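The values are calculated or read from the model by the stated rules, or taken from the named source; none is laboratory data. Since we're looking at a predicted model, the values are computed, not measured. With ideal geometry, Cβ positions are generated from the backbone for all residues, glycine too; neighbour counts draw on all protein chains shown. Note: areas computed on protein heavy atoms with side chains; ligands, DNA, RNA excluded. Shrake-Rupley method; radii C 1.70, N 1.55, O 1.52, S 1.80 Å.
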Amino acid sequence: MRDASIKEYFFGNSKTTLSPHTQLLSFDDISIYKIRSSTSQSASTTSTEYLPGDAGDYENGDGSGGSGIYEIITPTPELAHVILALPHATTRDSEEDVRDASIMGFVYVAEVDEKKRRLRVLAPVTTRIGGEGKVAVWGAWPGVIVGLTG
């Protein structure tokens, strides 16, 4: 069901046909923020990572705690086949503003070419995705989606 919903987002359904578009983005065209894991989350509690305000306690990636919500990453092959959210925010905004920004859409990372330092991404419509200060957010959901682009 999840895969069918994701495919419908990018390609449409029997009532609505979309024109998905792939484009190449230089690593310099977009800053990718990866959501840090929550130290306060356990199997029996609800995650506070996505709540507005100061609801969550976040790791600094080294287990030492801290207030960073995101880790800015350099794309690696691990990023292939994931979905990135595109918030109405830029690198000039604070992490809290990025977290609380509305999402303008999602893209699927079809390929990561480390040698040429570029990403091939799929969007449901033709639009320019990258640009100075553009941010994309990588969370844990929905995980890896293989085979969306064939």
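Rundown of residues vs (1) in contact with a His (Cβ under 7 Å, 6 or more places away or on another chain); (2) aromatic (Phe, Trp, Tyr); (3) free of Cβ contacts under 8 Å to residues at least 12 places away in the same chain, yes/no style:
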{"residue": "74", "(1), (2), (3)": "no, no, no"}
{"residue": "97", "(1), (2), (3)": "no, no, yes"}
{"residue": "104", "(1), (2), (3)": "yes, no, no"}
{"residue": "107", "(1), (2), (3)": "no, no, no"}
{"residue": "110", "(1), (2), (3)": "no, no, no"}
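Could you list all residues from segment 94-111 that are more than 9 Å from residue 22 (Cα to Cα) and either open to solvent by 60 Å² or more (accessible area, probe 1.4 Å) or among the aliphatic types (A, V, I, L, M) (or both)? Scanning segment 94-111 gives 96, 97, 98, 100, 101, 102, 103, 104, 106, 107, 109, 111. I need the full set of residues from segment 101-126 which are of a type outside the set (A, V, I, L, M, F, W, C), out of contact with any Gly (no Cβ under 8 Å at 6 or more places or on another chain) and over 11 Å from residue 30 (Cβ atoms), in order please. Matches in segment 101-126: 102, 105, 108, 111, 113, 114, 115, 116, 117, 120, 126.
Of the residues 114, 59, 132, the single one that is modelled with pLDDT of 85 or more and farther than 19 Å from residue 9 by Cβ is 114. Filtering segment 6-29 to residues that are open to solvent by less than 60 Å² (accessible area, probe 1.4 Å) and in a loop (DSSP other than H, G, I, E, B) leaves 18, 20.
What residue, among those in segment 112-128 that are open to solvent by less than 50 Å² (accessible area, probe 1.4 Å) and free of Cβ contacts under 8 Å to residues at least 60 places away in the same chain, is nearest to residue 7 (Cα to Cα)? Among residues in segment 112-128 that are open to solvent by less than 50 Å² (accessible area, probe 1.4 Å) and free of Cβ contacts under 8 Å to residues at least 60 places away in the same chain, the one nearest to residue 7 (Cα to Cα) is 112.
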